[in-house]
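Okay, so here's the structure we're looking at.
The values are calculated or read from the model by the stated rules, or taken from the named source; none is laboratory data. From a predicted model like this one, the values you see are computed outputs, not experimental measurements. Here Cβ is always computed from backbone atoms with ideal geometry, including for glycine, and neighbour counts include all displayed protein chains.
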Amino acid sequence: MDQSGTVDSLLQEERVFRPLPQLVIEANVNPQELEAAHKFARMDSLGYWEEAADELDWFKKWDQVLDDKDAPFYRWFPGARCNIVYNALDRHIETANKNKLALIWEGEPGDQRKYTYFELYREVNRFANALRSLGIRKGDRVVIYMPPLPETIVAMLAAAKIGAIHSVVFAGFSAKALRQRINDAQAKLLITADGFYRNGQIVNLKETADEALVGACADCVDSMVVVRRCNLSVDMMDGRDFQYEDLVRQERNEAPTEVMDADDPLFLMYTSGTTGKPKGIVHSHAGYMVGVNRTLTTVFDIKPTDIFWCTADPGWVTGHSAGVYGPLMAGTTSVMYEGHPNYPQADRLWSIVAKYGVTTFYTAPTMIRMLMRFGAQYPKQHDLSSLRLLGSVGEPISPEAWTWLYKNIGRSECPVLDTWWQTETGMFMIAPMPISLLKPGSVTKPLPGVECDVVDRDGNPVPPGKGGLLVVTKPWPAMMTGYWNDDEAFKECWEKIPGVYYAGDVAKKDEDGYFWIQGRADDVINIAGHRIGSAELEAAFGMHRAVSECAVIGVPDKIKGEAAKAFIQINDDFDPDDDLIKDLKRTIRNELGPVAVIKSIEFRDKLPKTRSGKIMRRVLKAEESGHEIGDLTGLEED
Ligand code: 6R9
């Protein structure tokens, strides 16, 4: 708490965590190298990214690193020819990685499958041939509506290998949401599974896929491929539906890799939740592969012996960059788990870490908060000594959750690498490396070659300690190349504050240049002229033992302009009574000072969340104001 008693200092934790000497000695990028990389990138950012591009394989190198003539439609590596799948798979077959494990997959019932790079390569080739025989060609859109299965990865890579554009839709989305995405992308093919296991139940996915296709636009999706996961007897429409296993069985083990132009699209990722109507964000082969490869290997310090586990579903950008493409390009071994983190009980993730010797565990604050609720006795039952790095992404992590993860999972030895990035950015943007000094709750500093700032609405940098808008001031290679069929919306991201990319987040920088992300720009509450992030208030509530989940929104207040209202889900052993309300308010006052007045507290059994686990304050705001709300297809259904 700063002297003035304002909230500005909340997320500026006093504590600094230093890496263990051994980590520094062994790091791929040591402190001097990191300093040199920053210096090089500041002087010559294109040179820096060119060097990163040289680490990958190309069919033909670029004529230029960046063409910015048509900004904001930046073109990275124009003239180059490549395919990300060549880097993720094909090239490993020529090296010692050939017989290394690429993927360890565990199903919820406990079944396992393992693929070496060679096995994955051949499976991808067989399916790539199958896609070609179904008439899929370069540029066609393929929607993948799948749970986390090895075939989900195979489908993504096979599509990309033949130059098709994939769009993975999270298996928890409704038929309506799936149809909307199929229509928007004008997809030609849908790939799905008969069903999957989730929390001890079988979810029938094929039925939902069928329902989505009823009423889908007439000229899209003429075939559907169905992976057999649960042995369900599903209706297969003659001439339209094909069994995955039947298709790949008859195909050859070799398939040519399509030669792509640098900015040929690789995938579309629809994002919803924060802005209303979902937008199809486009990523392309060259820039995306360069940015993801460089940032993943340096931030997570990828070593040949690593077992890398990103818990994100492949339906999110994190599942793409850190779950599929990044780890495969790096030649590492990934873990993928199909099911619910608490099935059959709250130690499932820890049992997986112990069983496979996971070294790097990358997850989201919402997961950490949930696991925290069950208590430290669950991780204690397992040998987690293989872990060396932890990571967080998706929302601000409160110092409390950070510390819990660090202590109870990371034995107070493993750095927690909090990575700020977005679907739009494709790659990590602001993140530490294992050698960095860490402050719990801060994403540290922009990576080499990335330039970010905190500015006011006119684009003027704000002084340290003051909140402002997070912007990216220079193009970066893995940037989205556009929105699918919506150039205007894409331009808007660069026009809100002219010349820079507006990320839509509120952040501040401290005196050391560390960034603290406070939440979305629309989730900031202005109480009597003091700006305070919902996330900041939520972190403060999170300090109270009774609080399991919470969301804070701004509500109109006659005197202060805006006041904060909290929606709180409490832990089972507490009573939602007046005493608790008083106690919670006291906590906020203690944590944040008198300016953070909580007008009211409402207890809820459950808070509305997006599919990726982000609390949708927008829904709560709409309930409060009685106004219409935007797209809700990202909401949980159960
Ligand atoms: C990768 C991903 C992007 C939004 C972003 C921000 C929030 C992501 C964060 C974080 C605080 C972090 N966000 N990482 N906030 N600290 N480390 O999550 O992409 O689903 O597009 O969400 O998530 O608000 O703007 P996406």
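For the stretch 488-522, the candidate set comprises residues that are under 16 Å from K466 (Cα atoms) and of a type in the set (D, E, K, R); within that set, the residue that is farthest from the ligand (Cβ to nearest atom) is E511. If you check D68, D63, D111, D54 for being exposed (fewer than 15 other Cβ atoms within 10 Å of the Cβ), touching a Gly at 6+ places or on another chain (Cβ under 8 Å) and modelled with pLDDT of 95 or more, only one passes: D63. Take the conditions at pLDDT 85 or above and over 26 Å from the mean Cα position of the chain (by Cα) and apply them to I527. Does it pass? Criteria not met by I527.
Looking at G331, G326, G319, just one residue is part of a loop (DSSP other than H, G, I, E, B), modelled with pLDDT of 95 or more and of a type outside the set (A, V, I, L, M), and that residue is G331. Taking the condition modelled with pLDDT of 95 or more, over 19 Å from E424 (Cα atoms), away from the ligand (no atom under 16 Å from the Cβ) and of a type outside the set (D, E), does G449 pass? No, not satisfied. Residues in the stretch 426-446 that are away from the ligand (no atom under 11 Å from the Cβ) and either modelled with pLDDT under 95 or not small (G, A, S) (or both): M433, P434, I435, L437, L438, K439, P440, K445, P446. Beta carbons closer than 7 Å, at least 6 apart along the sequence or on distinct chains, pair a first residue in the stretch 389-414 that is within 17 Å of C310 (Cα to Cα) and modelled with pLDDT of 90 or more with a second that is among the basic types (K, R) and away from the ligand (no atom under 15 Å from the Cβ) for C414/R388. Would you check if there is a residue in the stretch 234-241 being within 12 Å of the ligand (Cβ to nearest atom) and surrounded by fewer than 24 Cβ atoms within 10 Å (Cβ to Cβ)? Within the stretch 234-241, none of the residues are within 12 Å of the ligand (Cβ to nearest atom) and surrounded by fewer than 24 Cβ atoms within 10 Å (Cβ to Cβ). May I ask you to verify whether T423 is touching a Leu at 6+ places or on another chain (Cβ under 8 Å), in contact (Cβ under 8 Å) with a residue 40 or more places away in the chain, among the hydroxyl-bearing types (S, T, Y) and within 13 Å of the ligand (Cβ to nearest atom)? Considered against the rule, which asks whether it is touching a Leu at 6+ places or on another chain (Cβ under 8 Å), in contact (Cβ under 8 Å) with a residue 40 or more places away in the chain, among the hydroxyl-bearing types (S, T, Y) and within 13 Å of the ligand (Cβ to nearest atom), T423 comes out as no. Looking only at the stretch 131-141, decide whether some residue is under 25 Å from the mean Cα position of the chain (by Cα), more than 17 Å from I93 (Cβ to Cβ) and surrounded by 24 or more Cβ atoms within 10 Å (Cβ to Cβ). Looking for residues that are under 25 Å from the mean Cα position of the chain (by Cα), more than 17 Å from I93 (Cβ to Cβ) and surrounded by 24 or more Cβ atoms within 10 Å (Cβ to Cβ), one finds at least one in the stretch 131-141, hence yes. Within the stretch 245-261, the residues that satisfy the criterion of being more than 30 Å from the chain's Cα centre (by Cα) and either of a type in the set (S, T, N, Q) or surrounded by 14 or more Cβ atoms within 10 Å (Cβ to Cβ) (or both) are L247, V248, Q250, E251, N253, A255. Of the candidates V324, V317, the single residue that is within 20 Å of E151 (Cα to Cα) and within 13 Å of the ligand (Cβ to nearest atom) is V317.
Does the stretch 354-371 hold any residues that are of a type in the set (A, V, I, L, M), buried (at least 18 other Cβ atoms within 10 Å of the Cβ) and either farther than 27 Å from I302 by Cα or at pLDDT below 95 (or both), and which are they?
Scanning the stretch 354-371 gives A364, M367, I368, L371.
Scanning the stretch 578-612 for residues that are under 26 Å from A312 (Cα atoms) and surrounded by 19 or more Cβ atoms within 10 Å (Cβ to Cβ) turns up P608, T610, R611, S612.
State whether the residues of the stretch 361-378 include one that is closer than 23 Å to P109 by Cα and of a type in the set (G, A, S). Within the stretch 361-378, none of the residues are closer than 23 Å to P109 by Cα and of a type in the set (G, A, S). Considering (1) of a type in the set (S, T, N, Q); (2) within 13 Å of the ligand (Cβ to nearest atom); (3) crowded, with 20+ Cβ neighbours inside 10 Å, the lone condition that N408 does not fulfil carries the number (2). Figure legend. Inter-residue proximity from the stretch 503-519: first residues at positive phi, second residues near the ligand (Cβ under 8 Å from one of its atoms) and in a strand (DSSP E or B), beta-carbon distance below 6 Å, spacing 6+ or different chains. Indicated pairs: G504/R520. Mind listing whichever residues of the stretch 456-477 are within 16 Å of the ligand (Cβ to nearest atom) and either of a type in the set (K, R) or under 19 Å from P396 (Cβ atoms) (or both)? Passing the criteria: G467, G468, L469, L470, V471, V472.
Filter the stretch 367-406 down to the residues that are of a type in the set (S, T, Y) and in contact with a Ser or Thr (Cβ under 8 Å, 6 or more places away or on another chain) and list them by number. Of everything in the stretch 367-406, those that are of a type in the set (S, T, Y) and in contact with a Ser or Thr (Cβ under 8 Å, 6 or more places away or on another chain) turn out to be S386, S392, Y406. Pairing each residue of the stretch 16-28 that is in contact (Cβ under 8 Å) with a residue 40 or more places away in the chain and assigned to a strand (DSSP E or B) with any residue that is surrounded by 14 or more Cβ atoms within 10 Å (Cβ to Cβ) and not aliphatic (A, V, I, L, M), provided the two are 6+ apart or on different chains, yields no C-beta distance under 6 Å.
Among the residues of the stretch 125-168, those identified as farther than 17 Å from F196 by Cβ and among the small types (G, A, S) are A128, A130, S133, G135, G139, A158, A159, A160, G163, A164, S167. What are the pairs with Cβ atoms under 8 angstrom where one residue, in the stretch 350-365, is within 12 Å of I409 (Cβ to Cβ) and the other, located anywhere, is away from the ligand (no atom under 16 Å from the Cβ) and of a type in the set (G, A, S)? Sequence gap at least six, or different chains. Within 8 Å, the pairs are V353/S386; A354/S386; V358/S386.
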